[in-house]
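Report on the following structure.
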Amino acid sequence: MTSIDDRISRHIREYDGQGWHRTGTTVDLESAHWLAGLVEEVGVEPVLESFTLDRVVPGESYIEVSGRRIEGLPLFDGGFTGAEGVHGQMGRHDAKIMLVEGSPILAAEALDDARRSGNYRALVFVTNSIGSVPGLAPRNAPDFTEPFGPPVLQVNGVEHDSLVEQADAGASVRVVVQAERRPGEAVNVAAEIQGQDRDLPPLVVMTPRSGWWEIAAERGGGIACWLEVMRVMQIQRPTRDVRFVATSGHELGHLGLKAYLNNNPNLATDALVWMHLGASIGASVDATPNLYTSDEGLERRAVHYLKSEV
């Protein structure tokens, strides 16, 4: 019999090896079928619920400055450029091409202000993940279905010092942010375990399963926990119905969750509790476990049962 440690390790390892889990990509669709197979292993019947979207497919995106080309990624709910891009002076305040940098929270606020100001022809956003590991950490796109503002190029945080130096010098730059939107399809993986009393309000257990890169550290733990909760419920036969959904589209304004709620219009208010298994559960580096609840009573119960497992 496979142990829980072996199952969790296997699930996260397989998920990590699939590739970039961006919504509506081939990897995302294949991963949905993989997860449905794991649901079947638990002894529960999965349902693949598809929804449509206009995918953003990035093209060449970069900034040219002082003879260097620094590759980047478009902001998925911003504007785009043609192949020629935008030429101009880069600065941190008054220039028409603005460099946005700082801590993850402060930089996001500055970026939002700049996008809404109407003062800039393009923005260069130095991404900065929470933690010590450098890399290009794309920002989620909450306004994916209603994009706005100038083109935004997201670049790796390792370029921070160099770009700040160039911005302070008022360097002339060229910013290219190419992408196109193509009709596509993504899939939520859903399931239900019937309870002993089906008249009781159901419990909903959800976790996102899509994101920008391989994202095993971000989403693998939630998927593993989602499957283990399902396994326990299937064995014990719960008092009430328990509904499960693993959503795509999380990084794009929660498209998958919105589609699920459209298919189940009363579930948001009729469910007893929604349990959201969020980001980076069990992460080994820079882990910051958090518990958020909608009321104090639910928090007390959750803490009570969590303490018994620690």
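Only the coordinates and a few stated rules stand behind these numbers; no lab work does. What you see is a predicted model, and the numbers here were worked out from it, not measured in a lab. As a convention, Cβ positions derive from the backbone with ideal geometry for all residues, glycine included, and neighbour counts pool all protein chains shown.
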Helix 104-117 versus the longest principal axis of the chain: what angle, 0 to 90°, nearest 10, using Cα atoms? 60
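Under the rule of -39500 (n - 2.57) per DSSP H run of 4 or more residues, summed and divided by the residues of the chain, what mean residue ellipticity at 222 nm is obtained, to the nearest 500 deg cm²/dmol? Before the final figure, lay out the partial values.
Values: 8 runs with 94 residues, N = 310.
That comes out to -9500 deg cm²/dmol.
For each of Asp143, Asp77, Asp6, count neighbouring Cβ atoms within 10 Å of the residue's Cβ, then give the residues from fewest to most. Walk me through the numbers on the way to the answer.
Details: Asp143 16, Asp77 21, Asp6 10.
Placing the least packed residue first, the sequence is Asp6, Asp143, Asp77.
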Residues with amide H under 5 Å from that of Met275, placed H, sequence gap 5 or more: Val204, Val205, Met206
Compute the acute angle (0 to 90°) between the alpha-carbon long axis of helix 296-307 and the principal axis of greatest extent of the alpha-carbon atoms of the chain; round to the nearest 10°. 80
What are the ³J(HN,Hα) values, in whole Hz, obtained from phi via the Karplus relation 6.51 cos²θ - 1.76 cosθ + 1.60 with θ = phi - 60°, for each residue of region 60-75 in sequence order, with x given for Gly and Pro? 4, 9, 6, 10, 9, 8, 6, x, 9, 10, 10, 6, x, 9, x, 6
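Whats the longest run of the chain with zero GluC sites (Glu not before Pro) that are DSSP loop and have at most 15 other Cβ atoms within 10 Å?
Numbers: sites that count: Glu84, Glu309.
After excluding every exposed loop site, the longest remaining stretch is 85-308.
Based on DSSP, what percent of beta bridges with both residues in region 55-182 are antiparallel, to the nearest 5?
On the way: 19 of 30 bridges.
Antiparallel bridges make up about 65 percent of those DSSP assigns within region 55-182.
Taking 0.36 nm per intervening residue step and subtracting the Cα-Cα distance, what contour gain separates Thr2 from Thr26 on full extension?
5.6 nm
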Just to be sure I understand: with springs between alpha-carbon atoms less than 10 Å apart, which residue in Pro138, Pro58, Pro74 has the highest mean-square fluctuation in the Gaussian network model of the chain? Pro58
For Arg68, enumerate residues with amide H under 5 Å from its amide H, sequence gap 5+ or separate chain, H modeled in the peptide plane. none
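Give me the percent of DSSP beta bridges within the chain that run antiparallel, rounded to the nearest 5. All intermediate terms of the calculation are to be shown ahead of the outcome.
Working: 32 of 53 bridges.
Expressed as a percentage, antiparallel bridges in the chain total about 60.
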Roughly how tilted is helix 26-42, in degrees to the nearest 10 and between 0 and 90, from the longest Cα axis of the chain? 20
For the chain, what size does the Cα cloud have along each of its three principal axes, sorted from largest down, in whole Å? 68, 41, 37
Using 0.36 nm per residue, how much length does the chain from Gln18 to Val285 gain when fully extended, once their Cα-Cα distance is taken away? 94.0 nm
Note down the relative contact order for the chain as a percent, whole number, built from C-alpha pairs under 8 angstrom at least six residues apart. 24
Tabulate in residue order the Karplus-calculated ³J(HN,Hα) for region 166-173, using 6.51 cos²θ - 1.76 cosθ + 1.60 with θ = phi - 60°, rounded to whole Hz; enter x for Gly and Pro. 5, 5, 5, 8, x, 5, 7, 9
Once all Cα-Cα distances of region 77-231 are split into 10 Å bins that start at 0, what whole-number percent is in each one? 9, 30, 27, 17, 10, 5, 1
